[in-house]
Every structure is written in C-alpha cells, then in structure tokens.
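The values are calculated or read from the model by the stated rules, or taken from the named source; none is laboratory data. Remember, it's a predicted structure, so these values are computed and weren't measured experimentally. Cβ coordinates were reconstructed from backbone atoms using ideal geometry, including for glycine residues, and neighbour counts include every protein chain displayed. Heads up: the accessible areas ignore ligands, DNA and RNA and are worked out on the full protein's heavy atoms, side chains in. Shrake-Rupley method; radii C 1.70, N 1.55, O 1.52, S 1.80 Å.
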Amino acid sequence: MAEEQGFVIRDRRASGGTEAPPVTPSTAHTSTSVGTPQPESSQSVPAPPVTFSSFVISLGSSSLMLMGEQLDPQQPSMPVNLPQAKEIIDLLSVLEDKTKGNLTSDEQTVLRDMLYALRMKYVTLASPK
C-alpha cells in the first residue's frame, strides 16, 4: 500500500520572512482539517466528479436562480438580480471564446445550449413590457 505524500507548510508571517521548520506529512494531514468539520465516513456521500459540463451547468443554474427560476420547489425563491445574472452569462461567453477548439463535442453542446437558454431568458426579463 502506498502512503500518501504530505505537503510542507511554511508560515512566514510571525518570523519576519524566515521560514518555519517544515511540517511533517503526518502533521500536515491532521493540520489541514483543523477548523473544517469532516463528515464521518459512514455518512459521507461521494460527490460526483467536477467536469467542465458540470461547471457550466452550475454557473448556468446560478444565473437562472438570479433570474427568478426556482430550481428546487422546497427552497424559497431568490429575488431577481439581472445585473448579476448577466455577469454570469458574460463569464460563460468569455469561457466559450477562450475554450474554442479545446472542448469535446458534448462539452461544446452543453456550453452553447446553456448560453442560448440563459440569453433568451435574460432578454425576456430585461425587455420592457
């Protein structure tokens, strides 16, 4: 069985720039969980892996919520915040430009479809009635 490699933490704040002695891997492992409650292993549900598509969907869902969509009926609806929703749409647009030619066809489809849906909803809400 391979043992996990730890990382070295150097705190330069109190020493005026000189390095503190390295933290041993066993200490580093326990010190990273200080102040962060770790769920018990019997209760933890493994999170799905973060992918480009899940990232796009997460940003898109946030934008939809900011435009008044209630994605979970048990959650209270958020107040509409069109400027913040537009900021996320613009962020996804920049992501589309910067990743052009580097995405799989599925990732490209998710991003294009999400941007289309968000833009259409935004235009509907932002246009005068």
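Some points to look at:
- Subset tally (residues that are part of a loop (DSSP other than H, G, I, E, B) and either among the aliphatic types (A, V, I, L, M) or more than 18 Å from the chain's Cα centre (by Cα) (or both)) for region 90-109: 5
- Single residue of region 53-71 satisfying the filter (over 19 Å from the mean Cα position of the chain (by Cα) and open to solvent by 40 Å² or more (accessible area, probe 1.4 Å)) that is modelled with the highest pLDDT: GLU69
- Of the criteria (1) surrounded by fewer than 11 Cβ atoms within 10 Å (Cβ to Cβ); (2) modelled with pLDDT under 60, which one SER44 fails: (2)
- Restricting attention to region 92-129, the residues being open to solvent by 90 Å² or more (accessible area, probe 1.4 Å) and touching a residue at least 24 places away in the same chain (Cβ under 8 Å) number 2.
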